[in-house]
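The values are calculated or read from the model by the stated rules, or taken from the named source; none is laboratory data. Quantities reported herein were computed from a predicted structural model and do not represent experimental measurements. Here the Cβ is made from the backbone with ideal geometry for all residues, glycine too, and neighbour counts use every protein chain on show.
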Amino acid sequence: MTTNQLSNFTLNQLESGMQLVHSGNQVYQVTDALAEQFKPGDHLVFVRGFSEPIIIPSESMALVEQEVNAAVDGFYSLNSVADSAIDAFYDACADRLNTPSIWETIQTINHQDVAQATAKGRSTTRLVADDTCKTQMIDGLLDVKRQNTPRVSAIQSVTHDGWSVDVLKSPLGVVGFVFEGRPNVVVDATSVLKSGNAVVFRVGGDAVNTARALMDHVLLPALDWVGISRNAIRFIDSTAHSAAWALFSNQKINLAVARGSGHAVRMLGGIAQQFGIPVSLHGTGGAWMVTSKNSNIDRLHAAIVDSLDRKVCNTLNTLCMLKSEFEKQLPVVLNALDSAGDNVGHKVKVHVAVPSMGYFSSEGFSDTIDVVRASGVVQEPQYEPLDLQAIGTEWEWEKTPEITIVVVESIDEAIELFNCYSAQFVASLITQSQLELIDFFNRINAPFVGNGMTRWVDGQYALNAPELGLSNWENGRFLARSAILSGDSVYTTRLKMNQVVVGLQR
């Protein structure tokens, strides 16, 4: 084989022991399992930050290619759709969700998803399609409809002698979503239609039947009713992780959005970035709270209770208590944790940073409580020591609230710990001093900063705009956008020139 042939060689098989160069100067030796798994047409991808490569099977790539191509057609077809038709789509979706027979069908299918997930020992706290979920979906759809989001709008106009240039906000294209198992995210994704974009999405395996039911009984019939192409919303009906990998490596996607946290989201983000696709990652959650000498006792109590009402990404996760105020604030904190536990019917499990253990009674570390895990109820110590390096660990609790407490010498130390060990997501300083809050805001590396409860971090709640995704700054700050991604922020900018005089020359 000539050198030129080698430079255009397609890898159709792997051999055990084969050495592959990646990441500039790294060498990976192919294992027996990897060699056996790889087939002609598959793609082998080394993702930055992961030691083992992944294989994207050809069948997953073909499935995704088909759906993305359809979405591209759907995007262009939206150019001839009136704004009134898009608004009518949201009304039609809401009406169908409000139809008892349709909702009963969706709930029946959802019950099956929940039962299967429970049997596998999976968390189901966000999987259930109850009436509250239905109300939230309907409210979200109608909120999108009411948004004043023109698909094309003027941002700026520059006038020259005999000609002008308009800077126009325009639709971006196809948005690819990978969602966790929450039913409401399926309708959340449709908000990009309001700004003229098409969507193709995949959900986690535990929720695939519910997502399919929402597509078949709500979204697709609503598109048909108002005369919008079904290609504007595409669903990748696959439970294989490789389908998500294939979606985030398809370069026809104009924006990739991953909702969830942990390993899977980091993997998806790495894939998208490697293929040059702009990406919005939810990343690791967990909010931090810091006490101050200016902390009002009642405000501190309320902020803790109101931030531990349920487990979502903006739930209070780590509490930094000021050493100088510890004796005064600890009874308030413990009372607040008891109140938060009473509200959900379970005692709060507390992780204490090892350097802070001396501030707590030893009895708590020996007393046990019932802790609800995805696998069932288990007996665990109510208080457990935690290495300082792990204080940013996000506690994915089911019904038993969990929190980390660390005692700090100063707010400066709390900021250093946050910037070093947290997911750099939500930070709250319980203070009534605006000067102290401004200083905190300037020095802490978080996109969301406040002085009260942490659960305000939500696009719908904070900005009155349906949220497509929240991002932390775990992988750096963002250029010219906030960490809340909403439908009206999915756009590109185009320039349109209008020549008035004849014979314009440079």
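Rundown of residues vs (1) in contact with a strand residue (DSSP E or B) (Cβ under 6 Å, 6 or more places away or on another chain); (2) of a type in the set (A, V, I, L, M); (3) outside any helix (DSSP H, G or I), yes/no style:
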| position | (1), (2), (3) |
| --- | --- |
| Ala117 | no, yes, no |
| Arg122 | no, no, yes |
| Thr132 | no, no, no |
| Asp139 | no, no, no |
| Thr159 | no, no, yes |
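Can you name every one of the strands (runs of 3 or more DSSP E) wholly within the stretch 161-273 that holds 1 or more residues which are of a type in the set (D, E, K, R) and closer than 27 Å to Ala85 by Cα? Step through it out loud before you land on a result.
On the way: elements: 163-171, 174-179, 198-203, 233-235, 255-258.
It comes to 163-171, 198-203, 233-235.
Count, please, the residues in the stretch 456-506 that happen to be among the β-branched types (Val, Ile, Thr) and in the same structural domain as Glu394 (by TED's automatic domain parsing). Outline the logic, then answer.
We begin by selecting, within the stretch 456-506, every residue among the β-branched types (Val, Ile, Thr); these are 457, 484, 490, 492-493, 500-502.
With the extra rule that they be in the same structural domain as Glu394 (by TED's automatic domain parsing), the set shrinks to 457.
Adding up the residues that qualify gives 1.
Return yes or no: is Ser164 polar (S, T, N, Q), surrounded by 14 or more Cβ atoms within 10 Å (Cβ to Cβ) and closer than 28 Å to Asn79 by Cβ? Don't jump to the end; show me each part of the working.
Numbers: polar (S, T, N, Q): yes; surrounded by 14 or more Cβ atoms within 10 Å (Cβ to Cβ): yes; closer than 28 Å to Asn79 by Cβ: yes.
In short, yes.
Is it true that Val27 is surrounded by 15 or more Cβ atoms within 10 Å (Cβ to Cβ), touching a strand residue (DSSP E or B) at 6+ places or on another chain (Cβ under 6 Å) and farther than 30 Å from Arg230 by Cα?
No, not satisfied.
Find all pairs meeting these conditions: Cβ atoms under 8 angstrom apart; at least six residues apart or on different chains; first residue within the stretch 118-131 and in the same structural domain as Asn98 (by TED's automatic domain parsing); second residue of a type in the set (Ser, Thr, Tyr) and in a loop (DSSP other than H, G, I, E, B).
Note: pairs meeting the criteria are Thr118/Thr124; Gly121/Ser375.
Pairs please, first residue from the stretch 38-56 and more than 21 Å from Val265 (Cβ to Cβ), second anywhere and among the small types (Gly, Ala, Ser) and outside any strand (DSSP E or B), Cβ atoms under 6 Å, 6+ apart in sequence or on different chains.
Qualifying pairs under 6 Å: Gly41/Ser58; Asp42/Ser58.
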